[in-house]
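These notes concern the structure reproduced below.
The values are calculated or read from the model by the stated rules, or taken from the named source; none is laboratory data. Source: prediction; values computed, not measured. Cβ placement follows ideal geometry from the backbone for every residue including glycine, while neighbour counts extend to all protein chains displayed. Note: accessible area is taken over every heavy atom of the protein model, side chains too, but ligands, DNA and RNA are not part of it. Shrake-Rupley method; radii C 1.70, N 1.55, O 1.52, S 1.80 Å.
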Amino acid sequence: MFKQCLTLLLFVLFLGCSTSAWADGQSATAQPGKPVADKPEKGSRLSTPVAIMGEGSDSLGARLVMRLKERFNQSNLFTLSNEVDKDAPMLMLMISTQPEFSDRPGIGSVYSICWVFKQGKGYLPFLLRHAGGIVNGDDLEGLVDKLYERTDGVASRYAHLWK
């Protein structure tokens, strides 16, 4: 009696497995899997077009804008464009600087940066994010890295706008 129950149970299990495989449109026999690619795939985000506009009269602010342009020009994630009036969607960084103290212009600089989406020529730009702060000569490279990382975050978050 035990052997008959065990045989019946195995038959029901086999029948259940074969009918579920048949319902899925697959055969009950094992199919070889597809080979997995040995190299990583490229990311879905291509390089983001970016333009950097700077205004200000202080030398530290001018160095900040120049270092940002150099950093974006060396990057694979961004394509630096000097054509602000270009009729294509792009991310614009608008940077305004001025001396922290008017009587000591080389000590520090106050900056304000806005990340703006520009659809094209004739469209009103759209503010995505803004930040501000104070920078001195020693902190300039760290600030450039920080602003670059924030720009990458903005570009990732709003990547659908540049497609």
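Please determine, by comparing only the residues of region 35-67 that are among the β-branched types (Val, Ile, Thr) and open to solvent by less than 60 Å² (accessible area, probe 1.4 Å), which one is modelled with the lowest pLDDT.
We begin by selecting, within region 35-67, every residue among the β-branched types (Val, Ile, Thr); these are 36, 48, 50, 52, 65.
Add one more test, that the residue is open to solvent by less than 60 Å² (accessible area, probe 1.4 Å), and what stays is 48, 50, 52, 65.
On the way: 48: 89, 50: 93, 52: 94, 65: 94.
Filtering first and then ranking leaves 48.
Can you tell which of 127, 147, 77, 161 is more than 14 Å from the chain's Cα centre (by Cα) and of a type outside the set (Lys, Arg)?
Details: 147 fails: more than 14 Å from the chain's Cα centre (by Cα); 77 fails: more than 14 Å from the chain's Cα centre (by Cα); 161 fails: more than 14 Å from the chain's Cα centre (by Cα).
Within the list 127, 147, 77, 161, the selection yields 127.
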inquiry  = Could you check region 75-95 and list, in sequence order, the residues that are in a strand (DSSP E or B), under 14 Å from residue 147 (Cβ atoms) and open to solvent by less than 40 Å² (accessible area, probe 1.4 Å)?
reply    = 78, 91, 92, 93, 95
query = Taking region 109-163 as the region of interest, how many residues are of a type in the set (S, T, N, Q) and surrounded by 16 or more Cβ atoms within 10 Å (Cβ to Cβ)?
reply = 2
